[in-house]
Structures are given as C-alpha cells and as structure tokens.
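First comes the structure, then the notes that go with it.
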Amino acid sequence: MIDTHVHLGQLLYDNPGLKPGQLLRWMDRQGIDRAVVMAIEVPEELDYLVPTRELLKMTRPHRDRLLPACGVDPR
C-alpha cells in the first residue's frame, strides 16, 4: 500500500510533527509500504516551511519507503 500524501517535520506551532523514524513506525502499524512525503514551500500554507532541500535530506536514508515530492512556490 502507498500513502500518497504525508509530511515530515514541524508544520504547526503547537505540534512538533514527525521525524522519519516516527513516520516509518506509524506506517508499519497501518500496513503502509511506501509514502510520498510532501515539501511545504509556500509560506501561507502552514506555520513552518519544510523546503525541498530539507525534505531530500530527511528522506535520503529511507528512500526505499519515503518518496520525496518536491515543492515549488510559483511566485
């Protein structure tokens, strides 16, 4: 099974978000084999950005399961 939309890192002020290991453990409990991890590049979207460069670093050791989806701020 593939989850097509997940996030890593802190996105909201009051929520620390997930680190890669935490996300992988959650995926294991849910029976998810792979996940597409979304970057956050648009400042108005959430409280914090998770730029593509950072996302690529976070997912590099787990590319067999965590598939980074690069984001672009169209401005």
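The values are calculated or read from the model by the stated rules, or taken from the named source; none is laboratory data. It should be emphasised that the depicted structure is a prediction, and the values quoted were computed from it without experimental measurement. Heads up, the Cβs are rebuilt from the backbone with ideal geometry, glycines too, and the neighbour counts pull from every protein chain shown. Calculation scope for accessible area: heavy atoms of the full protein, side chains included, ligands and nucleic acids excluded. Shrake-Rupley method; radii C 1.70, N 1.55, O 1.52, S 1.80 Å.
Taking every residue in region 47-75 that is under 22 Å from Asp28 (Cα atoms) and hydroxyl-bearing (Ser, Thr, Tyr) and pairing it with any residue that is open to solvent by 50 Å² or more (accessible area, probe 1.4 Å) and assigned to a strand (DSSP E or B), at least 6 positions away or on another chain, the pairs with Cβ-Cβ distances below 9 Å are Thr59/Leu67.
For Gly21, the conditions (1) in contact (Cβ under 8 Å) with a residue 40 or more places away in the chain; (2) within 12 Å of the chain's Cα centre (by Cα) are fulfilled apart from (1).
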